[in-house]
Amino acid sequence: MPAKKLTEFLNANQAKYATIVHSPAYTAAEVAQSAHIKGEHLAKSVILNADNRLLMIVLPASHRVDLDALKPVIGSAKLELSSEKEFKDLFPTCELGALPPFGNLYGMDVYFADCLAEDELVTFCAGTYFELIQMEYKDFQRLVEPKLISAGFVHLGETPPRMKEHRGIHRI
């Protein structure tokens, strides 16, 4: 069953959504594969610590956060991945690693990859390792009011710009 706080919020705000059940999966890539959804179309939530405040970034499952590129977008001097210990109590009805992109329900700003906003539907973890929720992006946008971002995330196979400049150590 999806996270109760989430479904209560969706129902109270008359949002139409569908629940998709899949085999248990623990990483975004596994979830996409299990649910037969392309990684570019599955939204994953990542919790960050920006200047000692928690925030949520939502990006395609096929991408990862680029902290250096994200800092100026968020306007943060210090930005790092948050540890589960820092945020697990904020999501008491959710399994860690399956957080829905509704950080606003938990007092967090939500930054949303603009490439996901181009799709008519948004699909994301429902708070469990075996369920997704799919809804119209326009309803998601209305309920979350995320800040759209076009930088701060890169495709999993892509080398971050700062690493391209690094020449490494060559042994002779």
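Only Cα pairs under 8 Å and at least 6 apart count here; give the relative contact order of the chain as a rounded whole percent. Normalised by residue count, the contact order of the chain is 29 percent. Close amide H contacts of residue 44 (hydrogens built in the peptide plane, cut-off under 5 Å, sequence separation of 5 or more or a different chain): 59, 61. From its DSSP helices (H runs of at least four residues, each -39,500 (n - 2.57)), the chain gives a residue-normalised ellipticity at 222 nm of -6500 deg cm²/dmol.
Estimated from the Cβ-Cβ distance and a Förster radius of 41 angstrom, the FRET efficiency linking residue 77 and residue 12 is about 0.65.
In the neighborhood of residue 18, defined by Cβ-to-Cβ distances under 11 Å, what is the net charge if each Lys or Arg adds +1 and each Asp or Glu adds -1?
Taking every Cβ under 11 Å from that of residue 18, the sum is -1.
The charge dipole of the chain, taken about the Cα centre with unit charges on the Cβ atoms of Lys, Arg (+1) and Asp, Glu (-1), comes to about 380 debye, rounded to the nearest 20. The Cα center of the stretch 1-56 and the Cα center of the stretch 104-136 differ in position by 5 Å. Applying the Karplus relation 6.51 cos²θ - 1.76 cosθ + 1.60 with θ = phi - 60° to the stretch 86-100 yields 3J(HN,Hα) values of 6, 10, 4, 6, 6, 10, x, 9, 10, 7, 4, x, 10, 6, x Hz, where x marks Gly and Pro.
First check a/c for the stretch 41-142, with a ≥ b ≥ c the square roots of the eigenvalues of its C-alpha gyration tensor; if it is under 1.5, answer rounded, and if not, answer prolate when a/b is larger than b/c or oblate otherwise. It is oblate, given that a/c is not under 1.5 and a/b is not larger than b/c.
R0 = 30 Å: FRET efficiency of residue 154 with residue 104, Cβ-based, nearest 0.05? Mind dumping the intermediate values first?
Values: r = 25 Å, r/R0 = 0.85.
About 0.75, to the nearest 0.05.
Distance between the pseudo-spin-label points of residue 90 and residue 29 (7 Å out from Cα toward the beta carbon): 2.7 nm.
Here are some pairs, 71/138; 5/147; 4/38; 4/88; 16/85; 4/71; which of them have Cα atoms lying more than 25 Å apart in this structure? The pairs that break the limit, which is 25 Å between Cα atoms, are 71/138; 4/38; 16/85; 4/71. The residues of the chain expose on average 55 square angstrom of accessible surface per residue, using a 1.4 Å probe on protein heavy atoms. Of the accessible area of the chain, computed with a 1.4 Å probe over protein heavy atoms only, carbon and sulfur atoms account for 51 percent.
Over the chain, the reciprocal of the mean inverse Cα-Cα separation, the Kirkwood hydrodynamic radius, stands at 16.6 Å.
Under the criterion of Cα pairs below 8 Å and six or more residues apart, the relative contact order for the stretch 45-84 equals 49 percent.
The values are calculated or read from the model by the stated rules, or taken from the named source; none is laboratory data. The model shown is predicted, which means the values in this text are computed figures rather than measured ones. Cβ: placed from backbone, ideal geometry, glycine included. Neighbour counts: every protein chain shown. When the accessible area is computed, the model is the full protein with side chains, heavy atoms only, and any ligands, DNA or RNA have been set aside. Shrake-Rupley method; radii C 1.70, N 1.55, O 1.52, S 1.80 Å.
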